[in-house]
1. Take the residues in region 144-191 that are closer than 24 Å to Gly39 by Cα and in contact (Cβ under 8 Å) with a residue 60 or more places away in the chain; name whichever of them is farthest from the chain's Cα centre (by Cα).
2. Restricting to region 129-161, give me the number of residues that are charged (D, E, K, R), closer than 24 Å to Asn43 by Cβ and in a strand (DSSP E or B).
3. So is Lys182 part of a loop (DSSP other than H, G, I, E, B) and closer than 15 Å to Ile72 by Cα or not?
4. Which residue out of Asp50, Asp117 is closer than 20 Å to Gly173 by Cβ and of a type in the set (Asp, Glu)?
5. Looking at Val38, Val48 in this structure, which one is part of a helix (DSSP H, G or I) and touching a helix residue (DSSP H, G or I) at 6+ places or on another chain (Cβ under 9 Å)?
6. Take the residues in region 117-141 that are surrounded by fewer than 24 Cβ atoms within 10 Å (Cβ to Cβ) and hydroxyl-bearing (Ser, Thr, Tyr); name whichever of them is farthest from Lys154 (Cα to Cα).
7. Scan region 150-181 for residues that are closer than 20 Å to Gly52 by Cα and in contact with a Lys or Arg (Cβ under 7 Å, 6 or more places away or on another chain) and jot them down.
8. Quick check on my filter: what residues within region 83-128 are at pLDDT below 95, part of a helix (DSSP H, G or I) and in contact with a strand residue (DSSP E or B) (Cβ under 7 Å, 6 or more places away or on another chain)?
Amino acid sequence: MTDKQKNDSCDTYVCSYKMAFMLDNWFRKLLQNPAKIVGEYINEGDTVIDFGCGPGFFSIAMAGMVGKQGKIIAADLQVEMLEHAKRKAAAKNLSDRIEFHHCEKDRVGLELTKKADFMLAYYMIHELPNPGAFFQEARSFLKTGGKFLVVEPKWHVTREKYQEMLGLAENAGFSVLAFPKKKGGRSVLLT
């Protein structure tokens, strides 16, 4: 399989923008309702980062949760995913609450004026070429006492790989707060 083929599917590399319809639909909302998955961690006025936001499935929902005084930073590597999310935000009159950030190939590259209260990495750590470097960079974005929910799909990430990922997060300075249930995969809440 070539790199291009790997990138055109949801295999072991970045899930292609061509699969956006699978990541943003009513059926997914039945299975992975954003309010149930992240609602307990978000308050009005919060600053939230959605890493690997894709077509905005979580970003759009979280924009409603943070209210007019809050801010969502929707970060993704693929411009096409960000464009999809921008159109959806505009259609729901939420564009003023969401900053769309195009990540660099090997780093997020955010420059924040205010650190995040909450961060989400949903089904994306396994797509990274260097998860350790990601966790190091992500740590600099989170305010003291902030929370970071990481959820990985069981069908892509074995228990061993998940434990390895947790070790990288802890090496970067994160601490485990909990292993929340019913989040849609192997889940950890970090601080």
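The values are calculated or read from the model by the stated rules, or taken from the named source; none is laboratory data. Just so it is clear, the model here is predicted, and its values are computed rather than measured. In this analysis, Cβ positions are derived from the backbone assuming ideal geometry, glycine residues included, and neighbour counts consider all displayed protein chains.
1. Across region 144-191, the extreme among qualifying residues is Lys182.
2. Summing the residues that are charged (D, E, K, R), closer than 24 Å to Asn43 by Cβ and in a strand (DSSP E or B) in region 129-161 gives 2.
3. In short, no.
4. Working: Asp50 fails: closer than 20 Å to Gly173 by Cβ.
Of the residues listed, the single one that is closer than 20 Å to Gly173 by Cβ and of a type in the set (Asp, Glu) is Asp117.
5. Details: Val48 fails: part of a helix (DSSP H, G or I).
Exactly one residue qualifies, and that residue is Val38.
6. So, considering only residues that are surrounded by fewer than 24 Cβ atoms within 10 Å (Cβ to Cβ) and hydroxyl-bearing (Ser, Thr, Tyr), the one farthest from Lys154 (Cα to Cα) is Ser140.
7. Answer for region 150-181, where residues must be closer than 20 Å to Gly52 by Cα and in contact with a Lys or Arg (Cβ under 7 Å, 6 or more places away or on another chain): Val151, Glu152, Lys154, Val157, Tyr162, Ala172, Phe174.
8. Correct list: Ala85, Ile125, His126.
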